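Peer 1: Take a look at this one; I'll ask things after.
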Amino acid sequence: MKQRSLLSIKIILVLSFLVSLLSGCGAPPDVKQSYPLESVNRDGNATSYVYRAANKSVPVVAKELSEENTPDDMSKESEERMFLVYGNDIYHLQQDPAKPEDTLIEIDSKEYVSRNYDSSFLQGYLTAVIISDLFDSLGGRYGGGYRGYTSKDVYKPKEGTYRKPTTDDKKNGSAAYG
């Protein structure tokens, strides 16, 4: 009887250890701890937070983020822009045109991406499965020509506007992405 209860305890411990290991997989990296928040665009469930990685190239930032937590999907390496997908969050890494030595990290909800990004723009960066899932889940009723934060003055988001983050935004951004 004693051996049976010890075996049960061992099995429970092993299972709880495995569950705790697996629950960390695919979780978004903690960007707010490493990079300052630049701006926020929020309209209901559609959110976009932009952080700045000073003096770091797009591939370096992508490598750091993917080593911290493995993304569900990742675009091919590029000096100008890359995408990392973590569950419902799309990380759009872009070289800052005003400061090419910096990378802007735009973290968008799927709702934000489906409302603002043009699917043809994203197809070169993400797999067809992710694009199909992203746009088909909302019936294609949104969509746009938005091409990311670096071109926000040319390709405006369909809803909301970018602005400096308030103290409340910083708290919400910390809760949402970290």
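Peer 1: Kindly provide the set of residues from segment 56-103 that are part of a helix (DSSP H, G or I) and closer than 22 Å to Glu38 by Cα, ordered by number.
Peer 2: Within segment 56-103, Val58, Pro59, Val60, Val61, Ala62, Lys63, Glu64, Leu65, Ser66, Glu68 qualify.
Per-residue answers, yes or no, for (1) open to solvent by less than 50 Å² (accessible area, probe 1.4 Å); (2) at pLDDT 90 or above:
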position: Lys63; (1), (2): no, yes
position: Thr70; (1), (2): no, yes
position: Lys76; (1), (2): no, no
position: Asn88; (1), (2): no, no
position: Asp108; (1), (2): yes, yes
position: Arg115; (1), (2): yes, no
position: Ser120; (1), (2): no, no
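Peer 1: Right, Val58: farther than 26 Å from Thr166 by Cβ, open to solvent by less than 10 Å² (accessible area, probe 1.4 Å) and over 11 Å from the mean Cα position of the chain (by Cα) or not?
Peer 2: Yes: the conditions hold for Val58.
Peer 1: Here's something else I'd like to know. Among the numbered criteria (1) more than 12 Å from the chain's Cα centre (by Cα); (2) modelled with pLDDT of 90 or more; (3) more than 15 Å from Tyr112 (Cβ to Cβ), which single criterion is violated by Ser34?
Peer 2: Failed condition: (2).
Peer 1: Regarding Ser48, is this residue in a strand (DSSP E or B) and either touching a helix residue (DSSP H, G or I) at 6+ places or on another chain (Cβ under 6 Å) or over 14 Å from Glu101 (Cα atoms) (or both)?
Peer 2: Answer is yes for this residue.
Peer 1: What number of residues within segment 76-109 satisfy the criterion of being in contact with a Lys or Arg (Cβ under 8 Å, 6 or more places away or on another chain) and hydroxyl-bearing (Ser, Thr, Tyr)?
Peer 2: Selection size over segment 76-109: 1.
The values are calculated or read from the model by the stated rules, or taken from the named source; none is laboratory data. All values derive from a computational prediction rather than experimental measurement. Heads up, the Cβs are rebuilt from the backbone with ideal geometry, glycines too, and the neighbour counts pull from every protein chain shown. Quick note on the areas: whole protein, heavy atoms, side chains included, nothing else; ligands and nucleic acids left out. Shrake-Rupley method; radii C 1.70, N 1.55, O 1.52, S 1.80 Å.
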